[in-house]
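Let me begin by presenting the structure, written as structure tokens, before commenting on it.
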Amino acid sequence: MAVPFIYFGNIGLSSLFYPGYSHLRQTASELGARGAPHPEIFNIGLFILGAAFLISAFGFFRALQQLGTKPILTWLTSSVLALLCLNVLLAGFFPLPDPRHSGFYLFYANFFGPVIFAVTFWKRSDTKLLKAYLITTNILMIATFALMMGVGGLATHANVGLLQRILGLTDFPWITVAAYTLKQSVTKLTIPG
């Protein structure tokens, strides 16, 4: 559940040690780039974030198994989180300008996360709000990413940092919501009555 808090906390903390850093104009990765005043702060934060993704992957896997979810959906959901873990660890090990910083674009797996999780709970009538949130999140995630990549011509050097923060607000909170839902579902399953 801590993934978005670690992500944004890492950016906030690292930026305090980067005089003149602009959250509007600069990407988060610049905080850990070679030549940044204290890149180790951001990159250690990425390792912590990677650990959180890995713990999430195992937690989701176990919870989904306990709920009797189809194995393919259990594996797919957990794999999205495991790939995010690997992507973040590669970003920490290979700071910008190293081309491996992109983590070989494993991050794109996240675009499938909310919809896979929605499918996992599709037949449950008590999760309508959750499914609507996940589908909406997925649409916003793809739309924001498209804007960052230049669709519509709205992304500029003056606002790329802001767009990345907005993308972060669509990319990671779904994991917290999904983890909370799984926790509640497993709790209901294990408590009699």
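The values are calculated or read from the model by the stated rules, or taken from the named source; none is laboratory data. Please read these numbers as outputs of a predicted model, since none were measured by experiment. Please note: Cβ atoms are built from the backbone with ideal geometry, for glycine as well, and neighbour counts cover all protein chains shown.
Laid out as a table, the results:
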read-out: Scan of region 138-176 for residues that are in contact (Cβ under 8 Å) with a residue 40 or more places away in the chain and in contact with a Ser or Thr (Cβ under 8 Å, 6 or more places away or on another chain), ordered by number; value: VAL160, GLY161, GLN164, PRO173, TRP174, ILE175
read-out: Candidate set: region 19-35, residues that are in contact (Cβ under 8 Å) with a residue 24 or more places away in the chain and buried (at least 17 other Cβ atoms within 10 Å of the Cβ); chosen: the one farthest from LEU89 (Cα to Cα); value: GLN26
read-out: Scan of region 103-129 for residues that are of a type in the set (Phe, Trp, Tyr) and either surrounded by 16 or more Cβ atoms within 10 Å (Cβ to Cβ) or under 19 Å from the mean Cα position of the chain (by Cα) (or both), ordered by number; value: PHE104, TYR105, PHE107, TYR108, PHE111, PHE112, PHE117, PHE121
read-out: Every residue from region 119-129 that is part of a helix (DSSP H, G or I) and within 15 Å of PRO71 (Cα to Cα); value: VAL119, THR120
read-out: Answer from LEU54, LEU73, LEU83 - the residue that is touching a residue at least 12 places away in the same chain (Cβ under 8 Å) and more than 18 Å from the chain's Cα centre (by Cα); value: LEU73
read-out: Among the candidates THR187, THR176, residue that is within 30 Å of GLN65 (Cα to Cα), part of a helix (DSSP H, G or I) and under 12 Å from the mean Cα position of the chain (by Cα); value: THR176
read-out: Search result, residues across region 1-28 that are hydrophobic (A, V, I, L, M, F, W, C) and outside any helix (DSSP H, G or I); value: MET1, ALA2, PHE17, LEU24
read-out: Criterion violated by PRO95 - all others in (1) more than 18 Å from VAL177 (Cβ to Cβ); (2) in a helix (DSSP H, G or I); (3) in contact with a Lys or Arg (Cβ under 6 Å, 6 or more places away or on another chain) satisfied; value: (2)
read-out: Condition check for GLY103: in contact with a helix residue (DSSP H, G or I) (Cβ under 6 Å, 6 or more places away or on another chain), assigned to a helix (DSSP H, G or I) and on the phi > 0 side of the Ramachandran plot; value: yes
read-out: Selection count, region 39-76, where residues are part of a loop (DSSP other than H, G, I, E, B) and either surrounded by fewer than 15 Cβ atoms within 10 Å (Cβ to Cβ) or at positive phi (or both); value: 2
read-out: Among the residues listed as LEU31, LEU84, the single one being assigned to a helix (DSSP H, G or I), touching a helix residue (DSSP H, G or I) at 6+ places or on another chain (Cβ under 6 Å), within 23 Å of ASN159 (Cβ to Cβ) and at pLDDT 95 or above; value: LEU31
read-out: Test: ALA63 is hydrophobic (A, V, I, L, M, F, W, C), out of contact with any His (no Cβ under 8 Å at 6 or more places or on another chain), more than 29 Å from ALA155 (Cβ to Cβ) and free of Cβ contacts under 8 Å to residues at least 60 places away in the same chain; value: no
read-out: Residue in region 130-181 that is surrounded by the fewest Cβ atoms within 10 Å (Cβ to Cβ), counting only those that are of a type in the set (Gly, Ala, Ser) and out of contact with any helix residue (DSSP H, G or I) (no Cβ under 7 Å at 6 or more places or on another chain); value: GLY153
